Structures are given as structure tokens and as C-alpha cells.
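Have a look at the structure below, then the notes.
The values are calculated or read from the model by the stated rules, or taken from the named source; none is laboratory data. It should be emphasised that the depicted structure is a prediction, and the values quoted were computed from it without experimental measurement. Here the Cβ is made from the backbone with ideal geometry for all residues, glycine too, and neighbour counts use every protein chain on show.
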């Protein structure tokens, strides 16, 4: 499997590195990092001061060259009525997106004794593995330690591991 | 004739089941099957349809193939065909 990471907006090199490392560590896949793309016109919702996640997936599918194409952005994303999302993906599809905006350690009640930079890096790795897991056909997993468990806040992101549980592994690996 | 819907993620939660069968006329199209599904399960329609179209990038699949513009798709169905509605998975 080849995953193309499509950076959207001004994304630090460290984020691209962590995203690539996260994917390589869990899936037996080749990872490339695409040229950075501009934020899709029309994605911004001025009433919410946030960006529509679907538009980023469409962009990743349009420009990405992988079997799976994942947009990575630091913009604050929403999907329909959810206040915000860390990511969005099509089940069994080719496109997905993650946002690092709310993965910063200062936001939303996360907890960890590790240095802030390491906590942020772990969250990036978990979220990108999670979204690619969806595109491989995995839905949310009830095992809170599994990377496919649902994470409405960073608290749940910090609880889960970077890897698939045994049951999810057997379905995709 | 009967056709069989598979529902995923939030749609499955709303319906309380991942599989539903609906009866449609023998000359029914994909668009007709969507209408029948939503007639029988209005809570699904409230979530999945906005301004007469599938909302929020929900995908419709017929016999394993994604249907473009499903609300107007005129491809004919056969008895026991399998259809699916797949919303994007959100959160993280």
C-alpha cells in the first residue's frame, strides 16, 4: 500500500515526519509526502471560523498519488454538527484528513506526564493511523486502547495506543 | 421485489440496525430505493438528506460500486440487490 500525505497550509516539518513515522510503524506501507497545497477555496465557514473537513478530503483525493491520500492540516476542522473533528475519513475509501489544530497539548483536557512535544507527536501519529484505518474498512473500536477507538477529545486520544488491537489487526493486516 | 440496505456508522446507530430490507417496484431505480428507505425510516432521512440530496458527503453504493449523484441515479435495480449508505467517519 502507498499512502500519500498531502500537507495543506503551512505545516511544520516535524508534523510531516511524525505522520510518516506513525503510518510506517503500523501499516506495511510506503509513505510519500506531497507538495504543500493551499487551503481549498470555499472550505472556510466565516460563521464558525472553522473549515469544512470534507473539502480537505476532496483535495487529498484530487492531488494525492497514493492508494490512500490523507490531507494533514493545522486548520480547525468541523463536520456537520460536530463542534470540531480531529479527522474525517471515508470507510473503505481513498481519502481522509487530520487536523493538528486541537491536538496541541494546551487544549481540551488531555493528560500526560510526558513533555509537550512528545505528547503532540504521539497524538499526530495516532490520529493519522486512525484515519487510514477507516479507509481500510475499520470502524470505531470499543477497545479504548485500540487506535481505532473513538476520540471526541484529546483525553481519549491520550488513552489509546498508537497501534491496532488484535481484532482490528486481524481484519486489515 | 425486495432490495437490501446496509447502513454504516451514524446511520446504523439511528436505525438501530445495520441491515434493512425495503420493498420497491420491479422497475425501481437507485433513487427510488433511497426514497423508499427514507419513507419507511424518516429519522434516517432527517439525518441523511438536506435540500433533497444526500448530506455531508454520504456515499451510496449499489452492488459494491459507488453511485454518482444517487438522488437522481436511474440505474435499475434487481430483486435482492444490495445497497449501502456510508457516511464519512468523523472524530478521530
Considering only the range A:104-173, give the helices (runs of 4 or more DSSP H) lying wholly within it that have at least 1 residues that are in contact (Cβ under 8 Å) with a residue 24 or more places away in the chain and within 10 Å of chain B (Cβ to nearest Cβ). A:116-135, A:154-159
What number of residues within the range A:80-98 satisfy the criterion of being at the interface with chain B (Cβ under 9 Å from one of its Cβ atoms), surrounded by 21 or more Cβ atoms within 10 Å (Cβ to Cβ) and either assigned to a loop (DSSP other than H, G, I, E, B) or out of contact with any strand residue (DSSP E or B) (no Cβ under 8 Å at 6 or more places or on another chain) (or both)? 3
Which members of the range A:4-28 meet the condition of being closer than 20 Å to residue A:135 by Cβ, surrounded by fewer than 16 Cβ atoms within 10 Å (Cβ to Cβ) and in contact (Cβ under 8 Å) with a residue 60 or more places away in the chain? A:25, A:28
Can you tell me which residue among B:51, B:35, B:2 is over 30 Å from residue A:77 (Cβ atoms) and more than 10 Å from the chain's Cα centre (by Cα)? B:2
If I filter the range B:1-16 down to residues being farther than 26 Å from residue A:95 by Cβ and surrounded by fewer than 18 Cβ atoms within 10 Å (Cβ to Cβ), which single residue comes out as nearest to the other protein chains (Cβ to nearest Cβ)? B:16
Do any strands (runs of 3 or more DSSP E) lying entirely in the range B:1-87 carry at least 3 residues that are touching a helix residue (DSSP H, G or I) at 6+ places or on another chain (Cβ under 7 Å), and which ones are they? B:2-7
Examine the range B:69-83 for a residue that is under 11 Å from the mean Cα position of the chain (by Cα), modelled with pLDDT of 95 or more and surrounded by 12 or more Cβ atoms within 10 Å (Cβ to Cβ), and state whether such a residue exists. yes
Does residue A:151 fit the bill of being modelled with pLDDT under 95 and crowded, with 21+ Cβ neighbours inside 10 Å? yes
From the list B:50, B:39, B:19, B:68, exactly one residue is over 17 Å from residue A:89 (Cα atoms) and within 12 Å of chain A (Cβ to nearest Cβ). Which is it? B:50
Hey, does the range A:37-52 have a residue that's within 22 Å of residue A:135 (Cα to Cα), within 10 Å of chain B (Cβ to nearest Cβ), at pLDDT 90 or above and not in a helix (DSSP H, G or I)? yes
